[in-house]
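Trainee: Sharing a structure here in structure tokens format.
The values are calculated or read from the model by the stated rules, or taken from the named source; none is laboratory data. Computed from a prediction, not measured in an experiment: that's the story for all the values here. Virtual Cβ from ideal backbone geometry, glycine too; neighbours counted across all protein chains shown. Remember, those area values only see protein heavy atoms, side chains included, never the ligands or the DNA or RNA. Shrake-Rupley method; radii C 1.70, N 1.55, O 1.52, S 1.80 Å.
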Amino acid sequence: MTDAPAKQAALELTEIDLSYAVPDREPLQVLRGMDLEVARGELVCLAGRSGSGKSSLLHVAAGLLPPDAGSVKWLGREIVRAGKDDVTAWRRTTIGFVFQSGGLVEILTAAENVALPGMPAATGSTSRAETAARASQMLEQVGLRKRADHFPAQLSGGERQRVAVARALFHDPPVLIVDEPTASLDAQSAEHMVAVLRDIRDRGHAVLVASHDDHVLRGADRVVTLD
């Protein structure tokens, strides 16, 4: 593991332990004493064999899975001992998370999918217009403005993943976490996805990705390998 970055971490995990209950057996230890920092303007890739805990660590980092022990800080704010409602509210503006499947809603267009995080606040026509404008802006950022009215079934795998990234960035969170963004992509689409992630990093976001893809490993600023 390489040394931690000198800049103040936007995401900081310290001494993380995590295990899963197994019927009639001892708990399965997935993470033990794991430390990780990601600074703004940095792209960090988690690598390692299947089952090494990459996805689990991403879920802990996003506050979606509580660790058995350790500390998780977003912008210096400890979340492990915070209330569930507080963590949910903080996540909305601090963390953008992209699941490996992308999680797009098939009956919504690309623009409508991206706009979903803004819909609870869209109570009037002005709010709806602002939400739509923001969705268009985010699709532009990932190079898909011309695909705004297409449904997920009409998009390639790489385009679907970029729509998911655009949706995760809707509220401009300082931290973007992405699980296996190139797992089902061809080489050209994988390179395009890496370029998008590097552009997001260059805009000042802290980007944490789990991947075993050489395209992502080469494009990252740091690679942290889990045993």
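Trainee: Please give the length that would be gained between residue 68 and residue 108 if that part of the chain were fully extended, namely 0.36 nm times their separation in residues minus their C-alpha to C-alpha distance (nm, one decimal).
Mentor: Details: separation 40, 0.36 × 40 = 14.40 nm, distance 3.79 nm.
Stretched fully, the residue 68-residue 108 segment lengthens by 10.6 nm.
Trainee: Can you quote the Å³ per residue value for the convex hull of the Cα atoms in the range 15-86, rounded to an integer?
Mentor: Considering the Cα atoms of the range 15-86, their hull volume per residue is 106 Å³.
Trainee: Using only alpha carbons, build the gyration tensor for the range 129-227 and give me the equivalent ellipsoid semi-axes, biggest first, whole Å.
Mentor: On the way: eigenvalues 108, 55, 21 Å².
Calculated on Cα positions only, the semi-axes equal 23, 17, 10 Å.
Trainee: Normalised by the number of residues in the chain, what is the relative contact order in percent for Cα pairs under 8 Å and 6+ residues apart? It would help to have the intermediate numbers written out before the result.
Mentor: Numbers: 442 pairs, mean separation 67.0, N = 227.
Here the relative contact order equals 30 percent.
Trainee: Please build a GNM for the chain, connecting alpha carbons under 10 Å apart, and tell me which residue among 46, 31, 108 fluctuates the most.
Mentor: The residue that fluctuates most here is 108.
Trainee: In addition: Under Stokes-Einstein, with the Kirkwood radius over Cα pairs standing in for Rh, what whole-number D in µm²/s applies to the chain at 37 °C and 0.692 mPa s?
Mentor: 182 µm²/s
Trainee: Considering only protein heavy atoms and a probe of 1.4 Å, how much of the accessible area of the chain is carbon and sulfur, as a whole percent?
Mentor: 49 percent
Trainee: Report D for the range 187-227 in µm² per second (integer): Stokes-Einstein, Kirkwood Rh on Cα pairs, 4 °C, 1.567 mPa s.
Mentor: Working: Rh = 10.7 Å.
In µm²/s, the coefficient is 121.
Trainee: How would you order 140-152, 206-218 from highest to lowest mean count of nearby Cβ atoms within 10 Å?
Mentor: In decreasing order of mean packing, 140-152, 206-218 become 206-218, 140-152.
Trainee: Grab the DSSP H runs of the chain that are 4 residues or longer, score each as -39,500 (n - 2.57), total them, divide by all residues and round the 222 nm result to the nearest 500 deg cm²/dmol.
Mentor: Working: 7 runs with 76 residues, N = 227.
Value at 222 nm, helices only: -10000 deg cm²/dmol.
Trainee: R0 = 22 Å: FRET efficiency of residue 195 with residue 225, Cβ-based, nearest 0.05?
Mentor: According to the calculation, E is roughly 0.40.
Trainee: Turning to a different aspect of this structure: Estimate the FRET efficiency between residue 81 and residue 15 by the formula 1/(1 + (r/R0)^6), using the beta-carbon distance for r and 22 Å for R0, to the nearest 0.05.
Mentor: 0.95
Trainee: With each pseudo-label sitting 7 Å past Cα toward Cβ, what's the residue 119-residue 35 distance in nm, one decimal?
Mentor: The two pseudo-label positions are separated by 4.3 nm.
Trainee: Separate question: Keeping every protein chain present and rolling a 1.4 Å probe, give me the accessible area per residue for the chain in Å².
Mentor: Ligands and nucleic acids excluded, the result is 49 Å² per residue.
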